[in-house]
1. ³J(HN,Hα) across the range 39-47 via Karplus (A = 6.51, B = -1.76, C = 1.60, θ = phi - 60°), whole Hz, x for Gly/Pro?
2. When all protein chains stay in place, what accessible area (Å², nearest 10, 1.4 Å probe) is found for Leu10?
3. Excluding Asp17 itself, what net charge comes from residues whose Cβ is under 9 Å from its Cβ, given Lys and Arg +1 and Asp and Glu -1?
4. Hey, got the dipole for the range 1-82? About the Cα centre, +1 on K and R Cβ, -1 on D and E Cβ, debye to the nearest 20?
5. Using modelled amide H (1.01 Å from N, peptide plane; none on Pro or chain starts), what sits under 5 Å from the amide H of Gly73, excluding residues fewer than 5 places away?
6. Set the Förster radius R0 to 30 Å, insert the Cβ-Cβ distance between Glu19 and Arg50 as r into 1/(1 + (r/R0)^6), and round the FRET efficiency to 0.05.
7. I need the phi-derived Karplus couplings for the range 3-15: 6.51 cos²θ - 1.76 cosθ + 1.60, θ = phi - 60°, integer Hz, Gly and Pro marked x.
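The values are calculated or read from the model by the stated rules, or taken from the named source; none is laboratory data. This structure is a prediction, so every number in the text was calculated from the model and none was measured. Cβ coordinates were reconstructed from backbone atoms using ideal geometry, including for glycine residues, and neighbour counts include every protein chain displayed. All accessible areas refer to the heavy atoms of the entire protein, side chains included, with ligands and DNA or RNA removed. Shrake-Rupley method; radii C 1.70, N 1.55, O 1.52, S 1.80 Å.
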Amino acid sequence: MARGINRVILIGNLGNDPETRHTHGGMAVTTIRLATTSVRKDRDGNTQERTEWHRVKLFGKLAEIAGEYLRKGSQVYVEGSIRYSEHTGDDGQKRYYTDIIADEMQMLGGRGDGERRTQQRQPAPADDFADDDIQF
């Protein structure tokens with residue numbers, strides 16, 4: 001019996017600079033906000049754009065590379081899986097999160113200075129990783 005597939009591929013642009021933090025164990029964790037835009041024509045023939053925002057998390061060496069080389073506006077390819085989580089805040093409110101846990105990333109488009117493209121593949125972290133493990 002097949003287990004199932006949880007695979008996501010996104011190509012988009014960063015909405016802000018990456019945020020890199022470290023776990024208590026010293027592992028880098030970088031979060032990026034990635035915008036993907038789709039274009040379609042409505043029934044009147046007018047072009048309609050729709051932008052979706054994705055919160056992407058990268059770990060380890062991949063996180064270090066993303067934190068060092070990506071900037072707001074950078075175009076990037078990421079591949080990974082969807083992870084849902086919930087957290088109860090100090091105010092007692094439950095908050096629900098949807099993250100893309102990236103295990104592959106490639107910078108696209110360049111930065112105008114001929115910098116080389118970088119591609120990394122890395123195994124995803126254990127499922128029990130939580131935002132609470134990140135030092136602030």
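1. Coupling constants for the range 39-47: 10, 8, 9, 7, 5, 8, x, 7, 6 Hz.
2. Rounded to the nearest 10, the figure is 20 Å².
3. +1
4. In debye, rounded to 20, the range 1-82 gives about 220.
5. Result for Gly73 returns Leu14, Gly15, Asn16.
6. 0.75
7. Per-residue couplings from phi come out as 7, x, 10, 10, 9, 10, 10, 10, 10, x, 10, 6, x Hz.
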